[in-house]
1. Highest mean first, what order results for 170-179, 31-40 on Cβ atoms within 10 Å?
2. In Å², and per residue, what accessible area does the chain have when probed at 1.4 Å with the other protein chains present?
3. Around residue 217, what is the net charge, scoring Lys/Arg as +1 and Asp/Glu as -1 over all other residues with Cβ under 14 Å from its Cβ?
4. Per 0.36 nm of contour for each residue apart, how much would the distance between residue 49 and residue 68 grow if the chain were fully extended, relative to their Cα-Cα spacing?
5. So what is the calculated 222 nm ellipticity per residue for the chain, using -39500 (n - 2.57) for each DSSP H run with n of 4 or more, over all residues, to the nearest 500 deg cm²/dmol?
6. Consider a paramagnetic label point 7 Å from the Cα of residue 203 along Cα→Cβ; state which residues of segment 155-173 have an amide N under 18 Å from it.
7. On a full-extension model of 0.36 nm per residue, what is the gain between residue 102 and residue 23, subtracting their alpha-carbon distance, rounded to one decimal in nm?
8. Under a GNM of the chain (C-alpha, springs under 10 Å), which listed residue has the highest mean-square fluctuation: 133, 181, 91?
Amino acid sequence: MAKQAKLTTADGAEVAGYLKAAEESTSRGAVILIHEFWGLTDQVRGMADRLAREGFTVFAQDLYGGKVTKDPAEATRLMNALDMKRAAQEISHAAEALRHRAPGTKVAVLGFCMGGALTLAAAATDGQLAAAIPFYGIPPESVADVKKIRCPVQGHFANHDDWCSPDRVNALEKTLKGAGIPAELHRYDASHAFCNEQRPEVYSPKNAELAWKRSVEFLRAHLG
């Protein structure tokens with residue numbers, strides 16, 4: 001796997017994360033991958049590698065400045081200390097840096113849990129994103145007005161989730177469609193974080209594979 005990298009925007013600002021080039025001669029565009037509240041773990045880097053094998057250039061952004069934890073209490077503290085509005089802007093800066101790195105590149109954002117919420121927040125912040133794929137995450141209204149999203153959205157949510165509950169998912173779907181935003185929200189008979197193979201207590205291989213297949217097809221449709 002590639003080493004920690006820094007992207008540079010047109011005005012010289014640096015964005016930290018993990019960069020993995022597409023493993024095909026012709027890239028299908030770029031994806032910003034946003035981590036869960038654990039930080040930029042090896043599991044997230046592994047997902048970046050997997051997306052690169054599908055033909056996308058991937059930047060797994062580090063929003064914690066290198067901090068990673070396996071302790072839920074510490075992860076909660078790190079997440080609560082994060083300025084979500086600023087993080088959404090930082091994701092937008094990463095998208096700008098990817099477009100600066102390869103002019104004409106279409107950029108999508110895909111994230112999990114906290115990263116899923118930030119995926120929607122970034123899409124509401126950056127009107128140039130080509131697609132947004134949130135996994136079991138919805139930003140509070142104080143962080144982002146999802147009605148401002150201008151790109152297609154494909155969401156993946158668990159039916160057994162106290163944090164990103166089915167009622168919240170239904171409300172999100174109603175808001176997006178009411179604003180005329182192209183959105184397809186998928187529900188799975190699974191628990192929160194069902195795509196994380198490092199958490200056997202919630203990992204659902206069948207549902208994770210279906211969500212992955214849908215995500216890749218969605219990215220190909222909107223990134224080319």
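1. On the way: 170-179: 14.6, 31-40: 26.3.
Averaged packing, sorted descending, gives the order 31-40, 170-179.
2. On the way: 10150 Å² over 224 residues.
With the other protein chains kept in place, the chain gives 45 Å² per residue.
3. Working: positive: 28, 213, 214, 220; negative: 54, 184, 209.
Overall, the nearby charge balance is +1.
4. Working: separation 19, 0.36 × 19 = 6.84 nm, distance 1.88 nm.
The span from residue 49 to residue 68 would gain 5.0 nm if fully extended.
5. -12000 deg cm²/dmol
6. none
7. Details: separation 79, 0.36 × 79 = 28.44 nm, distance 1.57 nm.
Net length gain for the segment: 26.9 nm.
8. Of 133, 181, 91, the Gaussian network model singles out 181 as fluctuating most.
The values are calculated or read from the model by the stated rules, or taken from the named source; none is laboratory data. Note that the coordinates shown come from a computational prediction; the quantities given were computed from them, not determined experimentally. In this analysis, Cβ positions are derived from the backbone assuming ideal geometry, glycine residues included, and neighbour counts consider all displayed protein chains. These area figures cover heavy atoms from the full protein model, side chains too; ligands, DNA and RNA do not enter into them. Shrake-Rupley method; radii C 1.70, N 1.55, O 1.52, S 1.80 Å.
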